[in-house]
1. Considering only residues that are surrounded by fewer than 22 Cβ atoms within 10 Å (Cβ to Cβ) and in contact with a helix residue (DSSP H, G or I) (Cβ under 8 Å, 6 or more places away or on another chain), look in the range 372-382 and name the one that is nearest to H432 (Cα to Cα).
2. Going through A323, A250, A278, A272 one at a time, which residue ends up being at pLDDT below 85, small (G, A, S) and open to solvent by 40 Å² or more (accessible area, probe 1.4 Å)?
3. Got a sec? Which of R359, R383, R340 is at pLDDT below 85, of a type outside the set (S, T, Y), outside any loop (DSSP other than H, G, I, E, B) and out of contact with any Asp or Glu (no Cβ under 6 Å at 6 or more places or on another chain)?
4. Just to check your reading of the model, which residue among A564, A579, A593, A535 is free of Cβ contacts under 8 Å to residues at least 40 places away in the same chain and surrounded by fewer than 21 Cβ atoms within 10 Å (Cβ to Cβ)?
5. Answer yes or no as to whether T118 is assigned to a strand (DSSP E or B) and not hydrophobic (A, V, I, L, M, F, W, C).
6. Can you pull out every residue in the range 423-444 that is surrounded by fewer than 19 Cβ atoms within 10 Å (Cβ to Cβ) and touching a helix residue (DSSP H, G or I) at 6+ places or on another chain (Cβ under 6 Å)?
Amino acid sequence: MNDAPSSSSRREVTAHSPDVLIVSYRRADLLERCLQSVDRHLPDSRIYVWDNHSLGSPKVQELAQAWPAASWTFCADNIGFAAAVNRLVRASTAPTFLLLNPDAELVGDLSGCRAALTDPTVAAAAPWLELGMRHPWDNAHREPTALRHLVSYAGWDDRLGRFAPLSMSYAQQPADVDGYLTGAGLLISREAWRAVGEFDERYFLYGEEADWSRRARRRGYRLCAVAEPGIIHSAGGTVNDATAATSRSAQLLQENRIRYLRDHHGALSARAFTIGSAALDLTQRSKRRLRSAAAPDFIVTSPTLAFGGAERQRVALVNGLAATGKRVVLRLLQGEGDLRAHVDPAVEVQVASYRNVTRDAGAQTLLVTGTTRIELAYGAAWRAVNSGRGRWVVANHHAAAPERGVFRPADTALMRVADGMIYLAEAHRQAHAAHQRLDRGRYWIVPNGIDVDRFASRHPQPPTRPTLVSIGRLTETKQVPLLVEALTAIEDLDWVADIWGDGPDRDCVEAAIPEHMSERIRLRGWCSDVPEVLAGADLFCMTSRFEAQPMAILEAMAAGAAVASSAVASVPEMLEGGAGVLVDPNTPQNWSATLRDLLAEPSRLSALGRAGRDRVLDRYTEDAMIANYLRVRDEVFSR
C-alpha cells in the first residue's frame with residue numbers, strides 16, 4: 001500500500017476523462033492493484049469506490065486512508081453489485097463512466113472505447129478482457145436464450161465451434177454486439193444511462209449488465225466491442241479464497257440466468273432452462289461428483305422471500321444453521337423477494353420447482369418445508385426421489401381456526417407422509433388436532449426465535465402518557481375495530497394509540513375511529529421499521545381471533561413493551577410467568593376493562609415490559625430456535 005498517490009498528485013479532471021466506479025468486496029489486495037492500474041492509465045479520472053460490507057472491509061478502510069483522492073463509501077450492508085453501481089453513478093458527474101471490477105486491472109487508456117462513445121448511438125463499449133478467457137473478445141456475448149444458456153452451462157461452447165444459434169460466445173471479434181458486454185470493464189455513456197435507466201436491483205449480482213444491454217438495444221442504442229488491450233480480470237477473484245462465498249456466487253449466477261430468461265423471453269423459456277440444467281446436474285459426471293461430494297445437512301424451502309413473518313423466520317433459520325457450520329440450502333419454489341439480500345452468503349440459495357426434484361440428499365440431509373401446497377407437493381416428491389436417503393419434516397406455522405380445519409384433505413395426507421411435524425407450541429398442536437390429524441404421533445415443539453439484539457429495552461420508568469401500539473396486517477381475523485371500540489370506551493384516560501399496518505380491512509378500521517378521536521387513535525399505515533416503532537411503545541395490543549405464534553408479540557416483548565393479547569393458540573404460553581396480560585373472552589367490554597386497569601397503574605406497564613423481555617431471552621431467541629432444529633435433526637435420524 002505504499003505506491004498510492006496523495007490527493008495533490010492527482011491531476012485536474014478533463015472533459016474527456018471517464019469517472020471510474022468500483023464496487024469493492026473483501027479483497028483489499030486486489031483492489032489496491034486495481035487502483036494503481038487506474039492511476040497509471042487514466043490518471044485524470046476521478047475514482048469512486050463503494051465497499052459492500054464484508055469481512056474485508058477493515059483492510060479496505062486502511063487502503064482508503066492511502067488513497068484520499070478517491071471518493072469512498074462504506075456500506076453497513078451488502079446491498080449487491082447492481083444497487084451499489086446505481087448509487088455510484090448518481091454520485092459521479094462525468095459524461096462517461098467506467099465500471100471496473102475490483103479484481104480487474106487496466107492495461108491501456110481505453111482510447112478506442114472512449115472514441116466509440118463519441119457516437120451518440122453507442123450506449124456502451126468494452127475493450128479486450130484477458131486472463132481466463134479463450135479469446136480476448138469473450139466479454140462480448142450474443143443474446144442469452146434458454147438453449148444458449150444450456151450449452152454454456154454444459155461447457156460445450158467451444159466443442160460446438162461457437163455455432164451462432166447455439167453459443168453465446170462469438171467465433172471472431174465482433175464489432176456491434178447483439179447481446180451484452182460484461183461489466184468487469186465497461187465504459188458507459190451517461191446520456192444513454194439516463195435514457196435506458198439504472199441497473200435493475202433485483203439482479204443482486206450477475207445479469208444486471210445483460211438486462212441493461214437488452215433495454216438499451218430496444219431503445220436503438222448500439223454496444224461496441226473494441227479490439228484494443230484493456231483489462232486483465234481474475235474472474236471471481238474477490239471470493240475465490242472463500243468456499244461459501246464462491247458457492248453463493250455460483251448460485252446467484254444461475255438464478256439470474258433464470259430471471260433474465262423469465263423477464264425477456266417468458267416463463268416457458270425460464271422453465272426450460274431450469275429443467276434442462278437440473279437434468280445436466282444429474283447426468284454430467286463432473287456435476288454429479290460435485291453434488292455428491294457436498295450433500296447438504298439442511299434443505300429449507302419457502303415459496304418466496306417476500307416480507308412476512310414466515311419468510312423472516314426462514315431467513316433467520318438458514319442463517320443461524322449456517323453459522324453453526326452446517327451446509328444449508330434454501331430452496332425457493334416460486335421466486336425470490338426483497339428478503340433475499342438478508343440471506344447469509346454461506347447459505348446456498350436455489351430457485352427451484354417441485355417439477356424438477358433431484359436426488360440430492362445425503363444420508364443425514366433433513367428437508368424442512370412449510371405447509372403451503374407447493375411445499376408439501378415438493379416435499380412428497382423429494383422424499384420419493386430420495387427414497388432411502390434423507391428425511392422430511394413439516395414446520396407448521398399456520399394458525400388454527402377455532403371452528404374448523406384449515407388444510408385440505410389432500411394436504412393433510414401429504415403431511416402424514418412426512419417423517420414428522422414441527423409445531424410452535426403444544427397449544428398450537430392441540431388447536432389443529434381439534435379438527436384435523438396432521439401427524440402420526442411424531443412431532444416436536446420448536447418455538448420461533450427472534451434477534452433480540454435488534455430491540456433495545458427503553459422503558460425503565462413508568463410513562464406519563466402511555467403510547468399503545470398495534471402492528472399487523474389489517475384483516476378481519478385481526479379484529480382491530482374491536483380494539484378501536486375498546487379504546488373509545490376509555491377516552492376519559494390520557495393515552496395515545498398508533499395502529500400500524502395495511503390490508504383489506506383498512507377501510508373498516510378507519511370507519512370505526514370516531515372523528516373526535518382521530519388525533520388519539522392514529523392509523524399509521526405500513527410499518528417499515530418495527531424496532532423503531534416499538535422503541536416508543538408502552539403497551540402492545542393484539543386482538544386477533546386466531547394466531548399461531550405472533551412474531552409481533554415476541555418483538556414487542558423484546559423491546560420491553562408491555563403486552564396485552566387475546567388468549568389464542570400459543571399466546572398463553574408466550575406470556576407465562578407474568579410476561580403479559582391475556583384478555584379472555586376477547587370482547588370490546590373485556591378489552592376496555594383490561595386497558596383501564598393497566599393504564600391506571602403506569603408502573604405495572606414497566607414491570608410487564610421487563611418480565612416480557614426476560615421471557616424472550618429465556619425461551620424465544622434465534623439461538624434457542626437453532627438449537628431446537630439441530631435437536632430435531634439428531635432425533636429424526638436416531639430413529
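The values are calculated or read from the model by the stated rules, or taken from the named source; none is laboratory data. It should be emphasised that the depicted structure is a prediction, and the values quoted were computed from it without experimental measurement. No Cβ is skipped: glycine too gets one built from the backbone with ideal geometry, and neighbour counts run over all protein chains shown. Areas reflect the complete protein model, heavy atoms only, side chains present, ligands, DNA and RNA absent. Shrake-Rupley method; radii C 1.70, N 1.55, O 1.52, S 1.80 Å.
1. Our first condition is that a residue be surrounded by fewer than 22 Cβ atoms within 10 Å (Cβ to Cβ); within the range 372-382, this holds for 372-374, 377, 380-381.
Next cut, in contact with a helix residue (DSSP H, G or I) (Cβ under 8 Å, 6 or more places away or on another chain) only: 373-374, 377, 380-381.
Details: R373: 17, I374: 20, A377: 20, A380: 21, A381: 25 Å.
Across the range 372-382, the extreme among qualifying residues is R373.
2. Values: A323 fails: at pLDDT below 85; A278 fails: open to solvent by 40 Å² or more (accessible area, probe 1.4 Å); A272 fails: at pLDDT below 85.
A250 is the lone residue from the list that is at pLDDT below 85, small (G, A, S) and open to solvent by 40 Å² or more (accessible area, probe 1.4 Å).
3. Details: R359 fails: outside any loop (DSSP other than H, G, I, E, B); R383 fails: at pLDDT below 85.
It is R340.
4. Working: A564 fails: surrounded by fewer than 21 Cβ atoms within 10 Å (Cβ to Cβ); A579 fails: surrounded by fewer than 21 Cβ atoms within 10 Å (Cβ to Cβ); A535 fails: free of Cβ contacts under 8 Å to residues at least 40 places away in the same chain.
Exactly one residue qualifies, and that residue is A593.
5. Numbers: assigned to a strand (DSSP E or B): no; not hydrophobic (A, V, I, L, M, F, W, C): yes.
The answer is no for T118.
6. Q436, R440, W444
So that you can scan it fast, the table gives a plain yes or no per residue for (1) assigned to a helix (DSSP H, G or I); (2) farther than 24 Å from D263 by Cα; (3) open to solvent by 20 Å² or more (accessible area, probe 1.4 Å); (4) among the small types (G, A, S):
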| residue | (1), (2), (3), (4) |
| --- | --- |
| D178 | no, no, yes, no |
| L186 | no, no, no, no |
| R194 | yes, no, yes, no |
| R202 | no, no, yes, no |
| A216 | yes, no, no, yes |
| G220 | no, no, yes, yes |
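Yes/no per residue for (1) modelled with pLDDT of 85 or more; (2) open to solvent by 40 Å² or more (accessible area, probe 1.4 Å); (3) in contact with a strand residue (DSSP E or B) (Cβ under 8 Å, 6 or more places away or on another chain):
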| position | (1), (2), (3) |
| --- | --- |
| P58 | no, yes, no |
| W67 | yes, no, yes |
| N86 | yes, no, no |
| R90 | yes, yes, no |
| P95 | yes, yes, yes |
| E105 | yes, yes, yes |
| L110 | yes, no, yes |
